[in-house]
């Protein structure tokens, strides 16, 4: 057997082992931050990998990492950027029969992957579900920002295997001008859909708030604020604002 045949045979065996084994070690790539916030120094990424049978979490300082992933079944892969300013919303990837040697997380799919990971914790993970369409519709029906959608309703429907597109609903939103001394430009901490807010006159003006967690960041000062909101109230529990809260 000549060297050429041996090489081909080795490649064939490697290919077979990748697809036939229960799991495979593959590479995941985390996207760059959008240009508006690229001056932020990312010190690490908090990576979460969730399937029906397992959940693991680890930290990496590189934007590329290797991990062992089940070849069949559903796995949600999430990467949260972390720095001295806190933690941003994640980039995501959903494994659903689309696993390759190299796989790219995206900011657009961070919300879908986070919802899927939470649903998998309940033990539901149908391989017949159309995750590609799911991810597309979340972006379409949210006007490009899935983090404005009602996360709880989507996770509930996924967890019970009853999800359809009627469960994609926007969360109630509010506008808030937050008192804070100084000037500058703040951005939403959702890299998939960056929104810009100006700070002047002692306020960060016209922050768009949805129910749940809202993150805002100032790349120039590397300060961040986190605002939690429900239908009636909001509370700012981090940053330099001193624990503000209020009603809508």
Exercise. Each label point is 7 Å from the Cα along the Cα-to-Cβ direction; what then is the distance between the points at residue 164 and residue 25, in nm?
Worked result: 4.5
Problem set entry | Compactness relative to 2.2 N^0.38 Å, alpha carbon Rg of the chain | 1.15
Problem set entry | Mean separation of Cα contacts under 8 Å (6+ apart) over length of the chain, as relative contact order % | 14
Exercise. At 20 °C and 1.002 mPa s, what whole-number value in µm²/s does Stokes-Einstein give for the translational diffusion of the range 21-167, with Rh from the Kirkwood sum over Cα pairs?
Worked result: 137
Exercise. Given labels modelled 7 Å from the Cα in the Cβ direction, how far is it in nm from residue 237 to residue 220?
Worked result: 3.0
For this session: Have a look at 108, 54, 152 and tell me which one the Gaussian network model of the chain (Cα, springs below 10 Å) gives the largest fluctuation.
Result: 54
Exercise. So what's the angle, to the nearest 10 degrees on a 0 to 90 scale, between helix 3-20 and the longest Cα principal axis of the chain?
Worked result: 50
Seminar exercise, completed: Subtracting the Cα-Cα distance of residue 181 and residue 205 from 0.36 nm times their residue separation yields 7.5 nm
Seminar exercise, completed: At R0 = 25 Å the Cβ-Cβ FRET efficiency linking residue 102 and residue 35, nearest 0.05, sits at 0.55
Problem set entry | 0 to 90° range, to nearest 10: angle between helix 131-141 axis and the chain longest Cα axis | 20
Exercise. How big is the range 173-247 on each of its three principal axes, counting only the C-alpha atoms and giving the largest first in Å?
Worked result: 31, 28, 18
Problem set entry | Length added when fully stretched, residue 196-residue 53, from 0.36 nm per residue minus Cα-Cα | 47.5 nm
Exercise. Can you sort 193, 104, 115 so the residue with the fewest Cβ neighbours within 10 Å comes first?
Worked result: 104, 193, 115
Exercise. Between the helical axis of 110-120 and the dominant principal axis of the chain, each derived from Cα atoms, what acute angle in degrees is found, rounded to the nearest 10?
Worked result: 70
Problem set entry | Among 217, 74, 153: highest mean-square fluctuation, GNM of the chain, C-alpha pairs under 10 Å | 153
Seminar exercise, completed: Across the alpha-carbon set of the range 73-130, Rg over Rh with Rh taken as the Kirkwood radius works out to 1.02
Exercise. Would you list 162, 154 from fewest to most Cβ contacts within 10 Å?
Worked result: 162, 154
For this session: Grab the DSSP H runs of the chain that are 4 residues or longer, score each as -39,500 (n - 2.57), total them, divide by all residues and round the 222 nm result to the nearest 500 deg cm²/dmol.
Result: -6000 deg cm²/dmol
For this session: Quick one: check the C-alpha center-to-center distance for the range 183-224 versus the range 50-97, whole angstrom.
Result: 25
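Rule-based calculations on the coordinates, nothing more; no lab input. As the structure is a computational prediction, the values presented were derived from the model and not from experiment. Glycine also receives a Cβ, built like all others from the backbone with ideal geometry; neighbour counts cover every protein chain displayed.
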